[in-house]
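Novice: Quick one: this structure, given as C-alpha coordinates, is what I'll be asking you about.
The values are calculated or read from the model by the stated rules, or taken from the named source; none is laboratory data. Please read all numbers here as calculations on a predicted model, not as lab measurements. Using ideal geometry, Cβ is built from the backbone for each residue, glycine included, and neighbour counts are taken over all protein chains shown.
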(Lines give C-alpha, C1' and ligand atoms only; values in the text may rest on other atoms or scores of the structure.)
Protein backbone atom coordinates (compact mmCIF):
# COMPACT_ATOMS: atom_id res chain seq x y z
CA UNK A 1 0.00 0.00 0.00
CA UNK A 2 1.07 3.56 -0.61
CA UNK A 3 1.05 4.73 3.01
CA UNK A 4 2.36 1.76 4.99
CA UNK A 5 4.98 3.86 6.75
CA UNK A 6 4.61 2.34 10.19
CA UNK A 7 1.81 -0.19 10.18
CA UNK A 8 1.78 -3.34 8.12
CA UNK A 9 -1.58 -2.50 6.64
CA UNK A 10 -3.45 0.78 6.63
CA UNK A 11 -6.56 2.41 5.19
CA UNK A 12 -7.11 5.97 4.09
CA UNK A 13 -10.06 7.81 5.62
CA UNK A 14 -11.57 11.11 4.54
CA UNK A 15 -12.61 13.44 7.34
CA UNK A 16 -15.86 15.42 7.06
CA UNK A 17 -17.12 18.10 9.42
CA UNK A 18 -19.42 21.11 9.75
CA UNK A 19 -19.60 24.08 12.10
CA UNK A 20 -23.37 24.53 12.13
CA UNK A 21 -26.37 22.29 11.55
CA UNK A 22 -27.45 24.42 8.60
CA UNK A 23 -24.11 23.94 6.82
CA UNK A 24 -23.43 20.92 4.64
CA UNK A 25 -20.68 18.53 5.70
CA UNK A 26 -17.44 19.32 3.93
CA UNK A 27 -14.24 17.42 3.56
CA UNK A 28 -11.65 18.93 5.91
CA UNK A 29 -8.84 16.46 5.36
CA UNK A 30 -7.84 12.83 5.57
CA UNK A 31 -5.99 10.42 7.85
CA UNK A 32 -4.20 7.13 7.40
CA UNK A 33 -4.58 4.47 10.08
CA UNK A 34 -4.63 0.68 10.52
CA UNK A 35 -8.15 0.61 12.02
CA UNK A 36 -11.24 2.69 12.73
CA UNK A 37 -10.28 3.39 16.37
CA UNK A 38 -6.96 4.97 15.50
CA UNK A 39 -8.44 6.77 12.50
CA UNK A 40 -11.02 8.40 14.80
CA UNK A 41 -8.35 9.37 17.33
CA UNK A 42 -6.15 10.84 14.57
CA UNK A 43 -9.02 12.72 12.92
CA UNK A 44 -10.06 14.27 16.19
CA UNK A 45 -6.47 15.21 17.15
CA UNK A 46 -5.55 16.58 13.73
CA UNK A 47 -8.70 18.50 12.77
CA UNK A 48 -9.95 19.67 16.17
CA UNK A 49 -8.87 23.29 15.72
CA UNK A 50 -12.41 24.42 14.85
CA UNK A 51 -15.59 24.17 16.90
CA UNK A 52 -17.26 21.52 14.76
CA UNK A 53 -20.81 20.48 15.65
CA UNK A 54 -20.26 17.26 13.73
CA UNK A 55 -17.32 15.25 12.50
CA UNK A 56 -17.22 11.91 10.72
CA UNK A 57 -14.74 9.77 8.85
CA UNK A 58 -15.30 7.55 5.84
CA UNK A 59 -12.91 4.86 4.63
CA UNK A 60 -11.91 6.03 1.15
CA UNK A 61 -12.30 2.52 -0.25
CA UNK A 62 -15.97 2.59 0.78
CA UNK A 63 -16.68 5.53 -1.51
CA UNK A 64 -18.13 4.65 -4.88
CA UNK A 65 -17.09 7.21 -7.46
CA UNK A 66 -19.41 7.81 -10.39
CA UNK A 67 -16.98 10.00 -12.31
CA UNK A 68 -14.05 12.32 -11.58
CA UNK A 69 -12.67 15.62 -12.89
CA UNK A 70 -12.13 15.47 -16.63
CA UNK A 71 -14.10 12.26 -16.99
CA UNK A 72 -17.29 11.98 -18.94
CA UNK A 73 -20.51 11.43 -17.01
CA UNK A 74 -21.64 8.63 -19.23
CA UNK B 1 3.91 16.21 30.22
CA UNK B 2 5.03 12.71 29.30
CA UNK B 3 2.74 12.70 26.26
CA UNK B 4 4.13 16.05 25.14
CA UNK B 5 7.66 14.62 25.18
CA UNK B 6 6.63 12.34 22.32
CA UNK B 7 5.11 15.02 20.08
CA UNK B 8 8.13 14.85 17.78
CA UNK B 9 9.22 11.31 18.56
CA UNK B 10 6.22 9.06 17.89
CA UNK B 11 6.40 6.51 15.03
CA UNK B 12 4.33 8.59 12.60
CA UNK B 13 3.32 12.21 12.06
CA UNK B 14 -0.28 11.37 12.95
CA UNK B 15 0.86 9.83 16.23
CA UNK B 16 3.03 12.94 16.90
CA UNK B 17 -0.03 15.16 16.50
CA UNK B 18 -2.16 12.83 18.64
CA UNK B 19 0.51 12.88 21.38
CA UNK B 20 0.54 16.68 21.39
CA UNK B 21 -3.27 16.87 21.38
CA UNK B 22 -3.63 14.35 24.19
CA UNK B 23 -0.99 16.18 26.22
CA UNK B 24 -2.97 19.40 25.82
CA UNK B 25 -6.20 17.63 26.77
CA UNK B 26 -4.61 16.32 29.94
CA UNK B 27 -3.29 19.75 30.93
CA UNK B 28 -6.87 21.00 30.54
CA UNK B 29 -8.13 18.10 32.66
CA UNK B 30 -5.63 18.93 35.40
CA UNK B 31 -6.90 22.51 35.46
CA UNK B 32 -10.50 21.34 35.81
CA UNK B 33 -9.57 18.87 38.54
CA UNK B 34 -7.47 21.36 40.51
CA UNK B 35 -10.29 23.91 40.21
CA UNK B 36 -12.82 21.36 41.46
CA UNK B 37 -10.55 20.31 44.33
CA UNK B 38 -10.15 23.92 45.40
CA UNK B 39 -13.90 24.36 45.42
CA UNK B 40 -14.24 21.22 47.52
CA UNK B 41 -11.81 22.66 50.06
CA UNK B 42 -8.71 20.59 49.32
CA UNK B 43 -5.40 22.11 50.40
CA UNK B 44 -3.04 23.59 47.78
CA UNK B 45 -1.01 21.23 45.63
CA UNK B 46 2.41 19.77 46.23
CA UNK B 47 5.62 21.74 46.05
CA UNK B 48 8.23 18.96 45.93
CA UNK B 49 8.70 15.51 44.43
CA UNK B 50 7.50 13.61 47.48
CA UNK B 51 4.30 15.63 47.57
CA UNK B 52 3.11 14.75 44.08
CA UNK B 53 0.63 11.91 44.05
CA UNK B 54 1.50 10.73 40.54
CA UNK B 55 1.72 7.06 39.62
CA UNK B 56 5.36 5.98 39.60
CA UNK B 57 5.01 5.14 35.89
CA UNK B 58 5.20 8.90 35.25
CA UNK B 59 8.31 9.53 37.40
CA UNK B 60 10.73 9.24 34.48
CA UNK B 61 10.56 9.97 30.75
CA UNK B 62 9.62 6.96 28.68
CA UNK B 63 12.38 5.66 26.46
CA UNK B 64 10.31 3.36 24.28
CA UNK B 65 7.07 3.90 22.34
CA UNK B 66 5.60 0.79 24.01
CA UNK B 67 5.68 2.68 27.33
CA UNK B 68 3.64 5.50 25.78
CA UNK B 69 1.18 2.97 24.37
CA UNK B 70 0.77 1.24 27.74
CA UNK B 71 0.21 4.54 29.55
CA UNK B 72 -2.29 5.54 26.90
CA UNK B 73 -4.18 2.26 26.92
CA UNK B 74 -4.03 1.35 30.61
CA UNK B 75 -3.49 4.49 32.69
CA UNK B 76 -5.83 6.64 30.60
CA UNK B 77 -8.49 3.90 30.81
CA UNK B 78 -8.06 3.66 34.59
CA UNK B 79 -8.21 7.44 34.90
CA UNK B 80 -11.36 7.56 32.75
CA UNK B 81 -13.02 4.91 34.92
CA UNK B 82 -12.33 6.87 38.09
CA UNK B 83 -13.56 10.11 36.47
CA UNK B 84 -16.66 8.27 35.29
CA UNK B 85 -17.25 6.98 38.82
CA UNK B 86 -16.96 10.56 40.12
CA UNK B 87 -19.17 12.00 37.36
CA UNK B 88 -21.84 9.44 38.29
CA UNK B 89 -21.43 9.99 42.03
CA UNK B 90 -23.32 12.44 44.21
CA UNK B 91 -20.81 15.32 44.39
CA UNK B 92 -22.53 17.99 42.31
CA UNK B 93 -19.44 20.00 41.31
CA UNK B 94 -17.85 16.84 39.87
CA UNK B 95 -21.06 15.58 38.25
CA UNK B 96 -21.33 18.76 36.20
CA UNK B 97 -17.70 19.39 35.32
CA UNK B 98 -16.25 16.05 34.35
CA UNK B 99 -18.41 15.12 31.37
CA UNK B 100 -16.31 16.89 28.70
CA UNK B 101 -13.22 15.26 30.13
CA UNK B 102 -14.76 11.85 29.55
CA UNK B 103 -15.57 12.66 25.93
CA UNK B 104 -11.94 13.60 25.30
CA UNK B 105 -10.57 10.63 27.22
CA UNK B 106 -12.59 8.32 24.98
CA UNK B 107 -10.27 9.21 22.11
CA UNK B 108 -7.18 8.66 24.25
CA UNK B 109 -8.35 5.15 25.03
CA UNK B 110 -9.12 4.44 21.37
CA UNK B 111 -5.65 5.61 20.42
CA UNK B 112 -4.06 3.47 23.12
CA UNK B 113 -6.05 0.35 22.38
CA UNK B 114 -5.37 0.49 18.67
CA UNK B 115 -1.64 0.97 19.20
CA UNK B 116 -1.69 -1.88 21.72
CA UNK B 117 -2.77 -4.17 18.89
CA UNK B 118 0.16 -2.91 16.78
CA UNK B 119 3.03 -2.39 19.19
CA UNK B 120 4.60 -5.15 21.27
CA UNK B 121 3.86 -3.59 24.61
CA UNK B 122 3.10 -6.58 26.89
CA UNK B 123 5.76 -5.77 29.52
CA UNK B 124 4.90 -2.10 29.62
CA UNK B 125 1.18 -2.90 29.78
CA UNK B 126 1.71 -5.25 32.77
CA UNK B 127 3.80 -2.57 34.50
CA UNK B 128 1.24 0.19 33.91
CA UNK B 129 -1.62 -2.14 34.90
CA UNK B 130 -0.04 -2.93 38.29
CA UNK B 131 0.42 0.76 38.98
CA UNK B 132 -3.13 1.50 37.96
CA UNK B 133 -4.36 -1.10 40.50
CA UNK B 134 -2.21 0.58 43.13
CA UNK B 135 -3.81 3.90 42.20
CA UNK B 136 -7.32 2.41 42.60
CA UNK B 137 -6.15 1.28 46.04
CA UNK B 138 -6.91 -1.78 48.19
CA UNK B 139 -10.32 -3.30 48.75
CA UNK B 140 -12.24 -1.84 51.70
CA UNK B 141 -10.06 1.24 51.59
CA UNK B 142 -10.89 4.88 50.91
CA UNK B 143 -12.31 4.27 47.42
CA UNK B 144 -14.80 1.70 48.74
CA UNK B 145 -15.70 4.07 51.59
CA UNK B 146 -16.40 6.87 49.05
CA UNK B 147 -18.50 4.43 47.06
CA UNK B 148 -20.55 3.56 50.16
CA UNK B 149 -21.10 7.29 50.70
CA UNK B 150 -22.32 7.64 47.11
CA UNK B 151 -19.49 9.97 46.08
CA UNK B 152 -18.12 7.35 43.71
CA UNK B 153 -20.41 5.23 41.55
CA UNK B 154 -18.03 2.25 41.60
CA UNK B 155 -15.87 0.55 44.21
CA UNK B 156 -12.44 -1.04 43.78
CA UNK B 157 -13.60 -4.49 42.60
CA UNK B 158 -15.91 -2.97 40.01
CA UNK B 159 -13.18 -0.58 38.81
CA UNK B 160 -10.77 -3.51 38.40
CA UNK B 161 -13.36 -5.49 36.46
CA UNK B 162 -14.21 -2.56 34.20
CA UNK B 163 -10.52 -1.97 33.53
CA UNK B 164 -10.16 -5.55 32.30
CA UNK B 165 -13.21 -5.04 30.12
CA UNK B 166 -11.90 -1.78 28.64
CA UNK B 167 -8.42 -3.08 27.91
CA UNK B 168 -9.59 -6.50 26.85
CA UNK B 169 -7.52 -8.87 28.97
CA UNK B 170 -6.72 -9.87 32.50
CA UNK B 171 -4.78 -8.07 35.19
CA UNK B 172 -1.14 -9.18 35.40
CA UNK B 173 -0.19 -11.96 37.82
CA UNK B 174 1.37 -11.13 41.14
CA UNK B 175 -0.32 -9.35 43.98
CA UNK B 176 0.46 -5.92 45.33
CA UNK B 177 2.27 -5.56 48.63
CA UNK B 178 -0.18 -3.21 50.30
CA UNK B 179 2.04 -2.93 53.40
CA UNK B 180 4.31 -0.56 51.44
CA UNK B 181 1.41 1.37 49.88
CA UNK B 182 1.30 5.09 50.56
CA UNK B 183 -2.39 6.00 51.01
CA UNK B 184 -1.82 9.65 50.12
CA UNK B 185 0.30 9.18 47.01
CA UNK B 186 -1.54 5.94 46.14
CA UNK B 187 1.62 4.01 45.16
CA UNK B 188 4.09 1.56 46.65
CA UNK B 189 7.26 2.84 44.99
CA UNK B 190 9.30 5.54 46.72
CA UNK B 191 10.75 8.46 44.73
CA UNK B 192 9.03 10.94 42.51
CA UNK B 193 9.07 12.94 39.29
CA UNK B 194 12.52 13.78 37.92
CA UNK B 195 13.83 17.24 38.82
CA UNK B 196 13.86 18.58 35.26
CA UNK B 197 10.18 17.79 34.68
CA UNK B 198 9.24 19.12 38.10
CA UNK B 199 10.96 22.43 37.29
CA UNK B 200 8.99 22.63 34.06
CA UNK B 201 5.71 21.86 35.79
CA UNK B 202 6.29 24.53 38.39
CA UNK B 203 7.40 27.12 35.85
CA UNK B 204 10.98 27.24 37.19
CA UNK B 205 12.45 26.16 33.86
CA UNK B 206 10.61 29.00 32.10
CA UNK B 207 11.77 31.57 34.64
CA UNK B 208 15.39 30.94 33.63
CA UNK B 209 14.60 32.35 30.19
CA UNK B 210 12.74 35.40 31.41
CA UNK B 211 14.44 38.76 30.79
CA UNK B 212 15.89 40.18 33.98
CA UNK B 213 14.22 43.37 35.04
CA UNK B 214 16.58 46.24 35.46
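Novice: Over 21 Å from residue B:12 (Cβ atoms), more than 14 Å from chain B (Cβ to nearest Cβ), at pLDDT 95 or above and part of a loop (DSSP other than H, G, I, E, B) - does that describe any residue in the range A:65-74?
Specialist: Our first condition is that a residue be over 21 Å from residue B:12 (Cβ atoms); within the range A:65-74, this holds for A:65-74.
Checking which are more than 14 Å from chain B (Cβ to nearest Cβ) leaves us with A:65-74.
Imposing the further condition that a residue be at pLDDT 95 or above reduces the set to none.
No, the range A:65-74 contains no residue that is over 21 Å from residue B:12 (Cβ atoms), more than 14 Å from chain B (Cβ to nearest Cβ), at pLDDT 95 or above and part of a loop (DSSP other than H, G, I, E, B).
Novice: Right, another one. Of the residues B:188, B:197, which is surrounded by 10 or more Cβ atoms within 10 Å (Cβ to Cβ) and closer than 29 Å to residue B:114 by Cα? Working first, answer last.
Specialist: Working: B:188 fails: closer than 29 Å to residue B:114 by Cα.
Answer to the selection: B:197.
A quick yes/no check of all residues on (1) in contact with a strand residue (DSSP E or B) (Cβ under 8 Å, 6 or more places away or on another chain); (2) under 22 Å from residue A:6 (Cβ atoms); (3) within 14 Å of chain A (Cβ to nearest Cβ):
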site: B:103; (1), (2), (3): no, no, yes
site: B:108; (1), (2), (3): no, yes, yes
site: B:140; (1), (2), (3): no, no, no
site: B:144; (1), (2), (3): no, no, no
site: B:149; (1), (2), (3): no, no, no
site: B:154; (1), (2), (3): no, no, no
site: B:158; (1), (2), (3): no, no, no
site: B:169; (1), (2), (3): no, no, no
site: B:173; (1), (2), (3): no, no, no
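Novice: Separate question: It is to be established whether one or more residues within the range A:34-54 are touching a residue at least 12 places away in the same chain (Cβ under 8 Å), within 13 Å of another protein chain (Cβ to nearest Cβ), surrounded by 16 or more Cβ atoms within 10 Å (Cβ to Cβ) and part of a strand (DSSP E or B).
Specialist: No - not one qualifying residue is present in the range A:34-54.
Novice: Here is a follow-up. Out of all the residues in the range B:190-212, which are under 16 Å from the mean Cα position of the chain (by Cα) and assigned to a loop (DSSP other than H, G, I, E, B)?
Specialist: Residues satisfying the conditions are B:192, B:193.
Novice: Before we move on, is residue B:134 in a helix (DSSP H, G or I), more than 14 Å from every other protein chain (Cβ to nearest Cβ), closer than 21 Å to residue B:52 by Cβ and modelled with pLDDT of 95 or more? Talk me through it step by step, then tell me what you get.
Specialist: Details: in a helix (DSSP H, G or I): yes; more than 14 Å from every other protein chain (Cβ to nearest Cβ): yes; closer than 21 Å to residue B:52 by Cβ: yes; modelled with pLDDT of 95 or more: yes.
Taking the combined requirement at face value, the residue satisfies it.
Novice: Of the residues in the range A:15-29, how many are under 25 Å from residue B:118 (Cα atoms) and surrounded by fewer than 18 Cβ atoms within 10 Å (Cβ to Cβ)? Let's see the steps before the verdict.
Specialist: Of the range A:15-29, the ones under 25 Å from residue B:118 (Cα atoms) are A:15, A:29.
The next check asks that each one be surrounded by fewer than 18 Cβ atoms within 10 Å (Cβ to Cβ); those that pass are A:29.
Count: 1.
Novice: Look through the range B:9-24, keep the residues that are more than 9 Å from chain A (Cβ to nearest Cβ) and either under 17 Å from the mean Cα position of the chain (by Cα) or more than 20 Å from residue A:47 (Cβ to Cβ) (or both), and return whichever of them is surrounded by the fewest Cβ atoms within 10 Å (Cβ to Cβ).
Specialist: B:9
Novice: Filter the range B:137-148 down to the residues that are in a helix (DSSP H, G or I) and touching a helix residue (DSSP H, G or I) at 6+ places or on another chain (Cβ under 6 Å), then identify the one that is surrounded by the most Cβ atoms within 10 Å (Cβ to Cβ).
Specialist: First pass over the range B:137-148, keeping only residues in a helix (DSSP H, G or I): B:142-148.
Those left that are additionally touching a helix residue (DSSP H, G or I) at 6+ places or on another chain (Cβ under 6 Å): B:143-144.
Working: B:143: 24, B:144: 20.
If we take residues in the range B:137-148 being in a helix (DSSP H, G or I) and touching a helix residue (DSSP H, G or I) at 6+ places or on another chain (Cβ under 6 Å), then B:143 is surrounded by the most Cβ atoms within 10 Å (Cβ to Cβ).
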